[in-house]
Amino acid sequence: MKNGIGAWTGRARRWGTAALAALLLLPPLVLENNGYLLRVCTLTLMYAGLGGAWNLLGGLAHQISLGHAAFFGLGAYTSTILLRDLSLSPWLGMLAAALLAGIASLLIGVPTFRLRGHYYALGTLAFAEVLRILCLYFRSFTGGAIGLSVPYLGESAWYFQFYGNRPYYFIALAMLALTMYITHRVSTGPLGYRLRALRNSHEAAEVVGVDTTRAKLQANFLSAVLTGAYGTFYAQYHFFIDPDTVFGLMTFSVRMALIAILGGLGNVWGPLVGAAILVPLDEWTNAVFPGGLAGAS
């Protein structure tokens with residue numbers, strides 16, 4: 001009886017996943033002539049992916065980050081500067097950005113994860129602010145407060161530049177699918193069990209032999225790598241970045257956490273649900289109350 005129920009549940013889950021995948025492929029076809037709505041759908045996918053990246057550590061292990069924008073901004077600036085100065089394809093720049101974000105996560109995680117309390121949250125918050133100030137200070141390299149414009153090289157898949165929203169939508173969808181796949185594999189694998197163990201009780205996890213510091217570093221590295229890659233996507237999609245935006249507390253750091261929390265911490269599908277609620281609501285409030293409801297978004 002239990003096997004029959006399990007098989008039925010497995011089939012229902014697969015059919016549900018297939019139905020949702022088919023649904024997510026519809027917007028570029030249905031909204032082909034409505035660039036604004038397709039843009040909102042693209043941003044929803046991007047923020048869902050960012051929420052999923054944050055969820056790897058904040059959801060599975062309850063290690064709250066208040067400065068994940070540090071990894072996002074690193075990704076945005078790394079690929080943009082490499083494109084500007086070396087004409088390096090943003091696809092390759094994305095790999096470099098992801099690696100740099102991963103290294104940065106270790107620089108923050110190694111000292112803070114050995115301590116208890118909110119040191120990691122404070123460490124990421126401080127790191128994001130330091131990077132923001134450095135980008136403002138080194139104006140000749142980063143553009144300072146004026147920001148950087150992504151060099152326009154014409155429509156080119158190699159240079160991650162397209163006309164219209166449709167290609168960006170499919171890229172965001174592919175990145176979200178990869179993020180959800182990684183989250184699923186982590187959640188159902190040995191690392192996921194270790195993270196849930198330390199989430200329930202840090203002391204009990206260590207007693208049964210879980211290397212809690214290593215588990216947190218691994219999850220943090222994966223989370224930062226994915227976040228850095230999304231920074232590259234953001235830069236190529238908007239063709240402009242500035243320190244206050246990409247390293248901003250409210251712009252990205254808090255929003256990533258809100259999306260994951262709203263959809264359900266530790267849930268693979270949670271960030272998609274959270275983004276599907278929060279991003280359209282944010283766009284609606286900006287459209288209905290332009291400048292008249294400060295702080296609504």
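Once you put a point 7 Å from the Cα of Thr251 and another 7 Å from the Cα of Ala126, both along the Cβ direction, what distance in nm separates them?
About 2.3 nm, to one decimal.
Considering only C-alpha atoms, what is the centroid distance from segment 191-235 to segment 34-81, in Å?
Taking the Cα centre of each part, segment 191-235 and segment 34-81 sit 17 Å apart.
Considering only protein heavy atoms, what per residue accessible area in square angstrom results for the chain with a 1.4 angstrom probe?
The answer is 49 Å² per residue.
Quick check on segment 105-195: what are the equivalent-ellipsoid semi-axes from the Cα gyration tensor, as sqrt(5λ), descending, whole Å?
In descending order, the three semi-axes are 32, 27, 9 Å.
Run lengths n ≥ 4 of DSSP H only: what is the helix-derived mean residue ellipticity at 222 nm for the chain, with -39500 (n - 2.57) per run over all residues, to the nearest 500?
-24000 deg cm²/dmol
Starting from 0 in steps of 5 Å, tell me what percent of the Cα-Cα pairs of segment 157-297 lands in each bin.
2, 8, 13, 18, 19, 15, 11, 7, 4, 2, 1, 0
What is the percent carbon and sulfur in the accessible area of segment 43-173, measuring with a 1.4 Å probe over the protein chains and ignoring ligands?
Within segment 43-173, the accessible surface is 71 percent carbon and sulfur.
What length, rounded to one decimal in nm, is gained on full extension from Leu134 through to Asn34, with 0.36 nm per residue of separation minus their alpha-carbon distance?
Additional length available on full extension: 32.1 nm.
If you filter segment 99-179 for trypsin sites (Lys or Arg not before Pro), then keep DSSP loop positions with at most 16 other Cβ within 10 Å, what is left?
Passing sites in segment 99-179 are Arg114, Arg116.
Highest mean first, how do 225-235, 25-35, 169-179 rank when packing is the count of other Cβ atoms within 10 Å averaged over residues?
225-235, 169-179, 25-35
Give me the mean projected area, in nm² to one decimal, of the convex hull enclosing the Cα positions of the chain.
Seen from a random direction, the Cα hull of the chain projects 17.4 nm² on average.
Modelled label-to-label distance, Ala18 and Ile277, 7 Å Cα→beta-carbon offset: nm?
Placing both labels 7 Å along Cα→Cβ, they lie 3.0 nm apart.
The values are calculated or read from the model by the stated rules, or taken from the named source; none is laboratory data. Quantities reported herein were computed from a predicted structural model and do not represent experimental measurements. Every residue, glycine as well, gets a Cβ built from its backbone with ideal geometry; the counts of neighbours run over all protein chains shown. To get the accessible areas, we keep the full protein, side chains included, count just its heavy atoms, and leave off ligands, DNA and RNA. Shrake-Rupley method; radii C 1.70, N 1.55, O 1.52, S 1.80 Å.
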